[in-house]
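Trainee: Below is a structure I'd like to ask you about.
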Amino acid sequence: MSTMEAYMANEAAVRSNIEIIREYTQRVFNEHNPDLASEYFTPEMKWHGGLLGTVEGPENVTGMLRGFIGALPDLHAAEHDIIAAGDTVAVRYVVEATHEGNLLGIAPTGRRVRWDAVDIYRLADGMIVEEWAADDMAAILYQVGAYTPPWLSEASS
């Protein structure tokens, strides 16, 4: 394979990975079908959520997503940036939803929430192998009334 052919093949794979992640976001999150998530995962799937820990295996990740989307049933993730190289796709979303179910142990409040999220996906053969999710948890917790940052509580005193 020539250098140009290799470059073109890599570019096609990167474009394909972007399309896969966009489809995954649309079908699973924006259309509120968490049970479809496992169609996109390899058997070795790992989801890394910072303080929320690591969830391993397609069934466990799908279960976690089911709980999250169940608590935020009108969730919409709007893509603001997407960057891809090789087997990795990074997306910056602005997510909006209504808190209508138990979320991280917090009873439903009916409040609208909006936060920034950056998700990095690693793919192999058109399937998601690993995801690193960096959601602004402080923004979510503040908007549902579970947490007030010190700099805001001092301002209201």
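The values are calculated or read from the model by the stated rules, or taken from the named source; none is laboratory data. Everything quoted here is computed from the prediction, not taken from an experiment. Please note: Cβ atoms are built from the backbone with ideal geometry, for glycine as well, and neighbour counts cover all protein chains shown. Ligands, DNA and RNA are excluded from the accessible area calculation, which covers all protein heavy atoms including side chains. Shrake-Rupley method; radii C 1.70, N 1.55, O 1.52, S 1.80 Å.
Trainee: Test residue 101 against the stated conditions and say whether it is in contact with a helix residue (DSSP H, G or I) (Cβ under 9 Å, 6 or more places away or on another chain) and in a loop (DSSP other than H, G, I, E, B).
Mentor: yes
Trainee: Being surrounded by fewer than 16 Cβ atoms within 10 Å (Cβ to Cβ) and of a type in the set (Asp, Glu) is true for just one of 135, 74, 119. Which residue is that?
Mentor: After applying the criteria, what remains is 74.
Trainee: When residues of the range 98-109 are filtered for being closer than 19 Å to residue 30 by Cα and open to solvent by less than 80 Å² (accessible area, probe 1.4 Å), how many remain?
Mentor: Selection size over the range 98-109: 4.
Trainee: Would you pick out the residues in the range 24-51 that are farther than 14 Å from residue 130 by Cα and in contact with a helix residue (DSSP H, G or I) (Cβ under 8 Å, 6 or more places away or on another chain)?
Mentor: Those that are farther than 14 Å from residue 130 by Cα and in contact with a helix residue (DSSP H, G or I) (Cβ under 8 Å, 6 or more places away or on another chain): 27, 28, 29, 32, 33, 34, 35, 36, 51.
Trainee: Oh, and also: Filter the range 35-66 down to residues that are small (Gly, Ala, Ser) and free of Cβ contacts under 8 Å to residues at least 12 places away in the same chain and give me whichever is surrounded by the fewest Cβ atoms within 10 Å (Cβ to Cβ).
Mentor: Here is the first cut: in the range 35-66, the ones small (Gly, Ala, Ser) are 37-38, 49-50, 53, 57, 63.
Next, only the ones that are free of Cβ contacts under 8 Å to residues at least 12 places away in the same chain stay: 53, 63.
Numbers: 53: 10, 63: 16.
Checking each candidate, the answer is 53.
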